[in-house]
Each structure stands twice: as structure tokens, then as C-alpha cells.
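The values are calculated or read from the model by the stated rules, or taken from the named source; none is laboratory data. Just so you know, these numbers come straight off a predicted model, no measurement behind them. Don't worry about glycine lacking a Cβ; one is built from the backbone with ideal geometry, like all the others, and counts go over all protein chains shown.
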Ligand code: MN3
């Protein structure tokens, strides 16, 4: 049974960056649906007890095309949104500290340069998708963008995502309409960098 991340903030805590209805719909409808669909498909495929990252890494072992595609889309939707909703919060924003700040500077030159680069990937992702900050097998950081609900795990990159930006229209359309770049710019005001640093430390620990 895969468990949807429970919000640690109220739906209106992220205003004015993300409005209450956007959070309620995104978490309570979209993310909830991915989770329910994943659980139904996982039961059918006999993989309900798997860790989500193990499942996404080994999708090619599932023979039934429809089940494999469903698990890729809904398993990705489940995993991606668990990361997304756990990396934002009330009274956040600011800048990363400690080891994460050092690693970002090492990889991209500065925090501002990192923001510019990942924003460009997020803006440039054609259609629905995600931009990612991931940890490489040697502990470095790398950026990427993916379509639909794919992620660096389901694509078999060997990298571990620690931060993401959802650029599906359902993430921002009520507040920003067609202005994806404005949403991305404001999104940094609600990022919980402490949580992202924990993601980094967990990713490195597991290697
Ligand atoms: Mn979404």
C-alpha cells in the first residue's frame, strides 16, 4: 500500500504564491488520484509491498503493457508529488544552508546560477512535466527535465531526485494562467531548503 504524503501546512499557508484552491485540488484530487490508481494497479501486478523507488527502477520487469504504462504514469505521479508537497511550506524561501549550499555552489557556481538554470529547464519543458535537482552516484548534483510523470528514477538515470518543480498546468493555472515563468519565479519563495538538504543527506547516505 502506497501512502500519499500528508500536508504539514494548511492549504492557504502558501498564499500568495500558491492559492488555497490550487493546493486543495492539486493535493486532494490530482495527487490523491495518482495514489489511488497506483494502489489499484500495484495490487493487480502483485507489487503493493515494493518500495516506490524500487518499483520505478524495475518497471521493465512488468510484462503487461497497460499495467506497466499505468504504473509508470501513476507511480511517477505518486512519487513526484510526494517530493513536491514535502519540499514546500509556510515561512520558507530564503536560501539553502550548510552542505547543500556548498554542493550547489560547487555544481552550478552560485545559488542564483542554480535558480536560473533549473528555471530555464522548467520553463523550456514542452507541455506537462517536471524539472529536477538530483544527486549523482558520486554525490554531485545534476539538473534535468522530464515529460509527463517520468522522473530520473523511472528513466533509469541512477540519480536520486531531491528537489523538483511541477510544471503541469494544474500546479499553477488558477493563479498564474499561462504565465509559467511567473509561477516558477515565485515558487522559490515557498521552498523548504531544510527539507531539500535532508533529501540530499538521505540520498548520499544510501550510497
Ligand atoms: Mn502536479
Only one of (1) over 26 Å from residue 57 (Cβ atoms); (2) out of contact with any strand residue (DSSP E or B) (no Cβ under 8 Å at 6 or more places or on another chain) is not met by residue 114, so which one is it?
(2)
Pull up the range 90-123, narrow it to residues that are on the phi > 0 side of the Ramachandran plot and in a loop (DSSP other than H, G, I, E, B), then point me to the one that is nearest to the ligand (Cβ to nearest atom).
93
Exactly one of these conditions fails for residue 4: (1) within 27 Å of residue 143 (Cα to Cα); (2) surrounded by fewer than 17 Cβ atoms within 10 Å (Cβ to Cβ); (3) within 14 Å of the ligand (Cβ to nearest atom). Give me its number.
(2)
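Answer with yes or no whether residue 77 is part of a helix (DSSP H, G or I) and either within 12 Å of the ligand (Cβ to nearest atom) or under 14 Å from the mean Cα position of the chain (by Cα) (or both).
Criteria met by residue 77.
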Filter the range 158-187 down to the residues that are touching a helix residue (DSSP H, G or I) at 6+ places or on another chain (Cβ under 6 Å) and either without any contact (Cβ under 8 Å) to a residue 40 or more places away in the chain or more than 16 Å from the ligand (Cβ to nearest atom) (or both) and list them by number.
160, 162, 176, 181, 182, 183
Restricting attention to the range 163-175, which residues are over 8 Å from the mean Cα position of the chain (by Cα), buried (at least 21 other Cβ atoms within 10 Å of the Cβ) and either outside any loop (DSSP other than H, G, I, E, B) or on the phi > 0 side of the Ramachandran plot (or both)?
171
What number of residues in the range 124-149 are within 16 Å of the ligand (Cβ to nearest atom), surrounded by fewer than 18 Cβ atoms within 10 Å (Cβ to Cβ) and either modelled with pLDDT under 95 or under 15 Å from residue 75 (Cβ atoms) (or both)?
1
Condition met for residue 104 (buried (at least 17 other Cβ atoms within 10 Å of the Cβ), in contact (Cβ under 8 Å) with a residue 40 or more places away in the chain and in contact with a strand residue (DSSP E or B) (Cβ under 8 Å, 6 or more places away or on another chain))
no
